[in-house]
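Single-structure report; data block below.
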Amino acid sequence: MYNSHYKHLSEKWRKKHQELQKQLWGRHKSSLEWLSRNSRQLVAGSLGGLMLLSNQNVNLSSLPQAVSAKEAPQAIDKKTFLISDLEGVLPKEVRALTGEEEQKVSEILSRSFGLRASAELQGKRLNRSYGFIGQEQHLTRYPGDTMSTHFDSEDEVKKYWDQGMAPGRGAWGYFAHSKESLTEEDKLREKYYIAVQTFLAPGFMDHVKEYVDFFKYRKMLIVNPSNGMSMIVDIADAGPAEWTGKHLGGSPEVMKYLERVDGAWKGPVLYFFIDDPNDTIPLGPIKPV
Amino acid sequence: MIKKHFYTHIIDTSTLSLELGEMDMASDERLHLLSLVESNIHQTILDLVLSELSEKDKRTFLMHVASSSHDKIWKFLKVKTKNIEEKIKKAADDLKKELHKDINEARLLSHK
């Protein structure tokens, strides 16, 4: 049952939206179509560029009321604005961001997710905060953990079996001493892990232990700027090697969620530290607030 | 405003937010109405600005909008148009008046 104020206004303003849209496209069709053909956002298939074209793709009147009220502002607006905002800051080529660019991205991410995200935390930073991500394998969580013991459900097996298990352990060793002592937190740390080039971090070679301690299971926000898919992940391995041309790696679960793949179709992600001193931000998918 | 647009700093929609805030509706419903306000203002202003520009200049303007280059937009509009800031404010004010009228109408309907 819809509230009468809301019902009246949403109907009226949706109608106005359609009229304005029709007027805009009627008067400036050729220019807007030209932008459609030339905008990188549209080529990438993101919703961000479409939103900039006056929501011409969002036919609000065709949405069921329950959807338009509850999902449209959250599922469409917030993620598309994130994509659009990042598009305005990120360079066309995938390279290390400048300090100014990192600051702008930091502001966008912090604002979008309601947390503090930064390229540098406690005076430490990685070699970069924007780079190509490659596919990693599952990590052995405890002595005796194998592909047959690794998953909690058939669904997980179907989705994540193919990537297999890394032959060695992660950079910090096992996540738990035994199957019995494996906690939910340990599981999540392996499931949502990334491997970063800790060994290339400025200052790493001068203060190895201090840096290793800092990076161990350090939480980061990782974002695919092309589609806005984002996750809170943790650093649980070091790599990849410089010669690979990749800058970080993601667990099978991370890669699938971000919709990133390895090889010729590899793509970039943003990875920024989050300031979470009380450990209140959970690992896993996160959406703009 | 949900998103920062090039005109955000000269348009105040807080009166609409406040009025909607006082009405009896769920927060997601209010959020949806605010997104419609934003969208309607956005289309009105794009239409206004584009109507002031030549075909060639429309493309330059739209590319700046697509890349959220707010400084470039204003530099460009100051060269290519006259009194655009005042015109944008007026167009937004006219639309806001209409939206306020709609809100009052909705209130009256619920009292019948």
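Brief remarks follow.
- Test for A:Arg260: is it under 25 Å from A:Glu107 (Cβ atoms) and at pLDDT below 95: yes
- Where a residue in region A:184-195 is among the basic types (Lys, Arg) and its partner, wherever it lies, is not in a helix (DSSP H, G or I), with Cβ under 6 Å and at least six apart: A:Arg189/A:Phe175; A:Arg189/A:Tyr217; A:Arg189/A:Asp234; A:Arg189/A:Ala236
- Restricted to region A:102-130, and to residues there that are free of Cβ contacts under 8 Å to residues at least 24 places away in the same chain and assigned to a helix (DSSP H, G or I), the residue that is nearest to A:Phe204 (Cα to Cα) is A:Gln103.
- Listed by position, the helices (runs of 4 or more DSSP H) enclosed by region B:3-112 that each have at least 1 residues that are more than 16 Å from the chain's Cα centre (by Cα), within 9 Å of another protein chain (Cβ to nearest Cβ) and free of Cβ contacts under 8 Å to residues at least 60 places away in the same chain are B:27-51, B:55-66, B:84-111.
The values are calculated or read from the model by the stated rules, or taken from the named source; none is laboratory data. Keep in mind it's a predicted model, so treat the numbers as computed, not measured. Methodologically, a virtual Cβ is constructed for each residue, glycine included, from the backbone with ideal geometry; neighbour enumeration extends over all protein chains shown.
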